[in-house]
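Structure record follows, encoded as structure tokens.
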Amino acid sequence: MKRRDILKNIGLGTAGVVVSGDLIGQTPVKKTEVKPIPDVAGGRLKEEIEHNNKLNAQRFFSAHELATVTILVDIIIPADKISGSASQAGVPAFIEFMAKDIPAQQTPLRGGLMWLDMESKKQFGQKFRSLTPANRLKLVDQIAYPSKAKPEMSQGVAFFNLMRNLTASGFFSSEMGIKDIGYAGNTPNQWDGVPKDVLAKYNLSYDEWSKHVNG
Amino acid sequence: MKSFQIKEQAPVFDVIIVGSGAGGGMAAHQLTKAGAKVCLLEAGGYFDPADPKYITQLKWSYESPRRGASTVRPFGDFDAAWGGWEIEGEPYTRKNGTKFDWFRSRMLGGRTNHWGRISLRFGPKDFKRRSIDGLGDDWPISYEDVAPYYDEVDKLIGVFGSKANLPNDPDSIYLPPPKPRLHELMIMEANKKTGVTTIPSRMSMLTKPINDERGSCFYCGQCGRACQAYADFSSSSVLVKPALKTGNLTLINNAMVREVLTDTSGLATGVSYVNKHTLEEVTVNGKIVILAASAGESARLLLNSKSSRFTGGLANSSGVVGKYLHDSTGASRSAFIPHLVDRKRYNEDGVGGMHVYSPWWLDNSKLDFPRGYHIEYGGGMGMPGYGFGSGMENVNGKYPGRDGVVKTGGGYGASLKDDYRFFYGANIGMAGRGEAVAREDNYCEIDPNVVDKWGIPVLRFHYKWSDYEVKQAKHMQDTFEEIIHALGGIASGSKPGADTDYGLAAPGRIIHEVGTVRMGNDPSKSALNKNSQAHDVKNLFVVDGGSFVSQADKNPTWTILALSMRASAYIMDQVKAKKL
């Protein structure tokens with residue numbers, strides 16, 4: 001790489017010298033091999049891109065597990081007047097990724113799904129996925145309310161809490177969910193304080209603040 | 001166009017600086033502006049938050065497959081810091097079961113790329129703690145010695161805030177502060193009752209432009225991702241780039257410095273580093289060497305720079321290098337604020353971080369712990385990311401929902417979905433950041449058995465909190481509950497008690513570690529003199545947090561910047577006087 005290319009790459013018209021690992025006075029080795037993954041791209045370092053690619057190439061859930069997850073997330077966050085369901089927002093794929101990203105979640109997820117199917121067979125003679133919607137809810141009702149669940153359902157409660165948390169995270173951090181919750185930021189703007197009607201609602205003002213600022 | 005010179009004619013730089021964070025960036029800026037030929041060595045890669053390939057600012061949570069979770073980057077997938085608590089191939093160890101966590105950022109600008117930009121001056125008392133409470137040591141300098149440099153730092157970098165005329169929290173030269181958010185106005189009101197002083201934050205984002213090189217804040221609240229408008233302070237954007245424009249700076253990235261080289265007269269002649277790409281050992285020669293690699297790394301470099309003349313490491317005839325390591329204390333608590341449910345939606349991102357804070361407001365002579373703390377506040381309607389909505393089963397069964405009825409906690413379906421909307425933005429958080437007492441027996445040293453992947457011996461930490469810090473954390477927890485009560489809020493979880501040292505964070509966790517190469521007038525008890533110059537090696541300086549005698553109840557960066565600027569002025573004077 002020629003020096004002017006290096007300068008072009010740093011893009012600020014700097015007159016100083018920027019070299020990577022090499023002291024001025026050394027001739028940099030010309031790279032002939034074109035690497036498919038750059039050192040940095042899209043705000044990610046090469047090793048991060050490689051790590052994400054590796055996780056994306058793996059499969060954690062079986063088809064049956066993924067189908068069960070999809071049913072569960074839509075029970076937790078269904079479509080309503082404001083937005084679509086968790087599966088419509090891509091939550092199953094998000095949970096699949098997080099299982100690989102945080103391996104400590106793998107056993108609680110896989111084991112929890114297994115627990116659900118066993119309990120389902122015990123009570124209804126079929127795996128959860130094969131139950132009627134009404135019977136699915138009969139089982140979910142036994143694990144969705146920690147304070148009133150029977151003690152023998154505690155493992156199911158823990159699993160459902162995990163599913164509820166992952167579903168909420170996955171849904172409300174999706175494009176659909178962020179719009180649903182009404183988050184209004186992440187865009188250049190001028191902050192000039194709390195809107196007047198909101199101040200009035202809470203009986204607050206900037207009078208005291210002005211004293212701080214204007215002395 | 002100049003071609004590269006051949007290897008054996010390597011130049012002798014006027015100054016070599018190791019590390020491009022706050023201290024190194026400032027020295028590079030000041031010295032290149034004065035005409036010195038400077039070589040700046042950085043262990044990590046190049047970084048420019050205005051170059052699209054580096055940008056994470058203004059990305060949405062769903063642009064990360066983990067939705068911003070902290071699996072890969074400890075402060076989340078969009079955080080600007082490359083590195084973290086653990087870096088592959090660069091271990092550190094702990095001694096005798098003690099704890100210390102060490103955050104390192106390997107990139108141009110170092111940890112200034114993601115820091116909180118809380119830009120506080122130390123006060124007059126902060127330089128003279130031993131004279132006040134008999135603990136630790138006084139600095140060899142006073143507030144008056146540093147004040148002119150704080151002024152220059154304010155003007156060069158920009159800081160917002162308001163004049164408060166507090167005795168130990170001196171005012172800076174301020175840009176206008178942003179107005180408080182809703183929960184921050186409520187905290188100000190609540191603290192009229194608790195008596196906890198609460199004033200506009202003092203942070204280094206440009207609420208007004210200060211020059212043509214940098215834009216002004218556009219209130220996305222994402223300073224931790226580094227700003228493409230250069231509207232917040234990071235060493236790379238604000239100091240190193242202007243230094244490069246002078247034409248006097250040679251920046252070498254991916255250079256892991258192994259040791260400082262000395263000649264037979266005991267003067268520094270340069271440094272040797274490992275080129276992380278070629279794994280070659282390279283020598284750079286310079287007339288003056290400035291270490292700014294961080295308190296931990298600068299101590300490590302000195303201790304690893306052993307020679308027959310300096311058997312205990314360089315600049316260490318006192319034996320203090322590595323000792324008196326201390327980090328800020330930290331404890332936190334969050335709360336639910338019932339009257340913040342069902343909020344009207346609007347953009348309250350503001351600057352990255354709090355718009356109000358509480359400087360230390362009490363008198364330690366009336367308390368059972370010697371040093372103070374400040375309180376930082378969080379809250380608001382932030383961008384949902386990984387972790388959003390977690391623990392709803394503990395919320396919607398405790399507080400009435402939209403219909404005014406408290407339901408059974410947890411659940412599913414349309415009503416649960418609506419609960420997330422209803423409770424959005426109703427939580428606040430508080431974090432105390434306090435001063436620990438510097439002690440000789442909290443230290444880092446060279447581990448005799450372990451090297452990193454570059455073959456460089458690594459640091460081994462030995463650190464224990466004392467009763468002083470634990471009692472301070474207890475006081476923080478009591479204060480947090482008082483404030484929550486005054487807010488009409490409900491504290492989350494249970495109050496951290498004695499079994500957890502009142503939630504006191506492990507040493508190192510606040511990333512304010514300082515003190516390992518401390519300054520002093522007595523060469524037998526300090527490594528540096530009051531000008532940040534090694535007692536033992538007159539052309540060697542340390543301008544990172546290593547030089548601190550005591551950390552205050554403030555964040556260290558503004559003082560690192562002021563002391564580095566002061567050391568740079570001293571170097572220029574000494575060079576002019578032909579003493580260096």
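Read the figures in this text as sums done on the coordinates, not as results from a lab. Note that the coordinates shown come from a computational prediction; the quantities given were computed from them, not determined experimentally. Neighbour counts run over all protein chains shown; Cβ positions are idealised from the backbone, glycine included.
You can think of it this way: the chain between B:LYS453 and B:ASN285 has 58.0 nm of extra reach, that is 0.36 nm per residue less the Cα-Cα gap.
This model, with +1 at the C-beta of Lys and Arg and -1 at the C-beta of Asp and Glu, gives the protein assembly as shown a dipole about its Cα centre of some 960 debye. Here the Karplus curve 6.51 cos²θ - 1.76 cosθ + 1.60, taken at θ = phi - 60°, turns the phi angles of the range B:493-502 into couplings of x, 9, 5, x, x, 4, 5, 10, 6, 6 Hz, with x standing for Gly and Pro.
Once both labels are positioned 7 Å from their Cα atoms along Cα-to-Cβ, the gap between B:SER272 and B:ASP363 label points is 5.8 nm.
Please compute the alpha carbon radius of gyration of the range B:395-509, then divide it by the globular-protein estimate 2.2 N^0.38 Å. Two decimals is fine. That works out to 1.65 for the range B:395-509.
Restricting attention to the protein assembly as shown, close to 65% of DSSP beta bridges with both partner residues there are antiparallel.
Placing unit charges on the Cβ atoms of the charged side chains and taking the dipole of chain B about its Cα centre, the candidate lying farthest along the positive direction among B:LEU459, B:ALA562, B:HIS326 is B:ALA562. Gyration tensor analysis over the Cα atoms of the range A:40-100 returns equivalent ellipsoid semi-axes of 28, 16, 6 Å (largest first, whole Å). With contacts taken as Cα pairs under 8 Å at a separation of at least 6 residues, chain B carries a relative contact order of 22 percent.
Helix B:295-304 and the long axis of chain B differ in direction by around 30°, with both axes built from C-alpha atoms.
Rounded to the nearest 500, the helix-only mean residue ellipticity at 222 nm of chain B stands at -6000 deg cm²/dmol, with each DSSP H run of n ≥ 4 adding -39,500 (n - 2.57). With a 10 Å cut-off around each Cβ of B:245-254, the average count of Cβ atoms from other chains is 5. Once the Cβ-Cβ distance of B:SER70 and A:ASP192 is raised to the sixth power relative to R0 = 30 Å, the FRET efficiency obtained is 0.40. Taking every residue in A:205-211 and counting other chain Cβ atoms within 10 Å of its Cβ, the average works out to 3.
Among A:ASN186, A:MET153, A:THR167, whose Cα projects farthest towards the positive end of the dipole of the range A:136-191, with charges put on the beta-carbon of Lys, Arg (+1) and Asp, Glu (-1)? Projecting each Cα onto the dipole axis, the largest value belongs to A:MET153.
Taking every residue in B:185-192 and counting other chain Cβ atoms within 10 Å of its Cβ, the average works out to 3. In plain terms, the bigger the Kirkwood radius, the slower the diffusion; for the protein assembly as shown, with that radius from Cα pairs, at 20 °C and 1.002 mPa s, Stokes-Einstein puts D at 76 µm²/s. Placing +1 on each Lys and Arg Cβ and -1 on each Asp and Glu Cβ, with no other charges, gives chain B a dipole about its Cα centre of roughly 620 debye. Among A:LEU162, B:LEU41, the ranking by other beta carbons within 10 Å of each residue's beta carbon, starting with the fewest, stands as A:LEU162, B:LEU41. Placing +1 on each Lys and Arg Cβ and -1 on each Asp and Glu Cβ, with no other charges, gives the range B:248-376 a dipole about its Cα centre of roughly 120 debye. Among A:PHE94, B:PHE422, the order by Cβ neighbours within 10 angstrom, fewest to most, reads B:PHE422, A:PHE94. Counting other Cβ atoms within 10 Å as a rough exposure proxy, the listed residues B:LEU239, B:LEU362 run B:LEU362, B:LEU239 from fewest neighbours to most. Once the Cα atoms are used to define both axes, helix B:413-423 deviates from the longest principal axis of chain B by about 60 degrees.
Spin-label model, B:ARG130 to A:GLN126: label points 7 Å out along the Cα-to-beta-carbon direction sit 8.0 nm apart. When its C-alpha radius of gyration is set against 2.2 N^0.38 Å (N residues), the range B:481-520 gives a value of 1.82.
Of the residues B:ILE87, B:PHE160, B:ALA552, the one whose Cα sits farthest toward the positive end of the charge dipole of chain B, with +1 on the Cβ of Lys and Arg and -1 on the Cβ of Asp and Glu, is B:PHE160. Each part reduced to its alpha carbon centroid, the range A:105-162 and the range B:235-255 end up 59 Å apart. Taking chain B as the reference, fit the longest principal axis to its C-alpha atoms, fit the long axis of helix B:182-194 to the helix C-alpha atoms, and give the angle between the two in degrees, 0 to 90, nearest 10. The angle comes out at about 90 degrees. Each principal axis of chain B carries a Cα extent, and these read 81, 57, 47 Å when sorted largest first.
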